[in-house]
Amino acid sequence: MSNELIDAREQFIQGMSRITHFWGFPKAMGAIYGAIYLSPEPVSLDELVDLVGVSKGSVSTNVRMLERLGMVHRQLQVGDRKDYYLAETDFWQVARNLLKEREQNEFGLALRTVGESLNLVASAEASGEDAELAAFYAARLQAMKGFFDSLDSLVAMLISLDELRLNALSRFFSPTKKS
């Protein structure tokens, strides 16, 4: 493999690490997905250790997470006891899986926290300056709750889109080619 292709692969793997870290996932998970994505053939855990430079335990843990998110798929090879992995290349499906995972875990918790805070403010027996502060808190928390409720509905809608609508959405967001 030429130095330029090696550099391109390394740069992509680093970029995927940054993206996954930004979204709250381990950097190694992004690096592993990047290495699998740019592999024309299924990749074993041992190969991923060499490509990404993290321990086999870390590779194994992160590959399981990627599998759970539907970002990679295990492929068995006849006569070989090792597991091999291929990347999911349907990015709309990956986005749906990630939204579903995040929506179920983090977003649900955030919604509950805002709601509980709003209930605490509503039950507070405040007078004087505290009454003004309680009204301020209530207004701010209600605005946040309204936004989160809208966002939750949007995410639920995206998660529930079927393939036909996803393809239409994909075409809508794809850059058009000028003649």
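Just so you know, all these numbers are worked out from the coordinates, no wet-lab data involved. Because the structure is a prediction, the values reported are computed rather than measured. Every residue, glycine among them, receives a Cβ derived from its backbone with ideal geometry; neighbour counts consider all protein chains shown.
Before moving on, here are some points about what is shown:
- 222 nm mean residue ellipticity, helices alone, for the chain (DSSP H n ≥ 4; -39,500 (n - 2.57); rounded to 500): -22500 deg cm²/dmol
- Proportion of all alpha-carbon pairs of the range 3-87 beyond 22 Å (%): 18 percent
- Kirkwood hydrodynamic radius over Cα pairs of the range 75-162, then Stokes diffusion coefficient at 10 °C and 1.306 mPa s, in µm²/s: 97 µm²/s
- Percent RCO, i.e. relative contact order, over the chain, from Cα pairs under 8 Å lying at least 6 residues apart: 14 percent
- In this structure, A156 and S2 have a Cβ-Cβ separation that, at R0 = 41 Å, corresponds to a calculated FRET efficiency of about 0.35.
- By average C-beta atoms within 10 angstrom, highest first, the peptides 79-89, 36-46, 123-133: 36-46, 79-89, 123-133
- Computing Rg and the Kirkwood Rh from the Cα coordinates of the chain gives a ratio, Rg/Rh, of 1.14.
- Compared with the direct C-alpha span, the chain from L120 to F91 gains 6.3 nm at full extension, assuming 0.36 nm per residue.
- In the chain, a dipole from Cβ-located charges (positive for Lys and Arg, negative for Asp and Glu) runs towards its positive end, and of V49, S127, M1 it is M1 whose Cα lies farthest in that direction.
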